[in-house]
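Asker: Before I ask anything, let me first share the structure, which is written out below as structure tokens.
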Amino acid sequence: MSRTDGTTMLEVANSLQVSLSSLHKWIVQSKNQAFEPDNEVGLMGYSKERRPQDWRLEERFQIIVKCEGLAESEASAVCREAGLHLHHLARWKGEFISSKQTLSPSKKSELKTLKNENKPTFAKALH
């Protein structure tokens, strides 16, 4: 709503059925962009504005671990705080589990080779 030339702030406030001080406060807040939505951040530090598909693998894993063993109501509360639903966690957990089982034979042998190569390095780091 905008005011036309000659319309006083009091007339605008009366037409909106608000006090003049409220209207003035709203104008100041609007000029300061106080009504612009922030990227809300929940208690866990996750942005509520992100879509579930925008979550990185590490973040997905962290929230799955955080909710593991919680009652459904508690896990739902954690999910709501993060802007998620329980079905997101269930799908992500399934993806983590199935990704380990779907390694091709060549990838499995490559993984085994890498593990064996890193055993001596790991042993040296312990001593």
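The values are calculated or read from the model by the stated rules, or taken from the named source; none is laboratory data. Remember, it's a predicted structure, so these values are computed and weren't measured experimentally. For neighbour counting, all protein chains shown are included, and Cβ atoms are generated from backbone atoms with ideal geometry for every residue, glycine included.
So that you can scan it fast, the table gives a plain yes or no per residue for (1) at pLDDT 80 or above; (2) within 17 Å of HIS85 (Cβ to Cβ); (3) outside the structural domain of LEU86 (by TED's automatic domain parsing):
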residue	(1), (2), (3)
SER15	yes, no, yes
VAL28	yes, no, yes
LYS48	no, yes, no
GLN53	yes, yes, no
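Asker: Return the residues of the stretch 93-109 that are closer than 25 Å to PHE61 by Cα and either part of a loop (DSSP other than H, G, I, E, B) or modelled with pLDDT of 80 or more (or both); say none if nothing qualifies.
Answerer: Of everything in the stretch 93-109, those that are closer than 25 Å to PHE61 by Cα and either part of a loop (DSSP other than H, G, I, E, B) or modelled with pLDDT of 80 or more (or both) turn out to be LYS93, GLY94, GLU95, PHE96, ILE97, SER98, THR102, LEU103, SER104.
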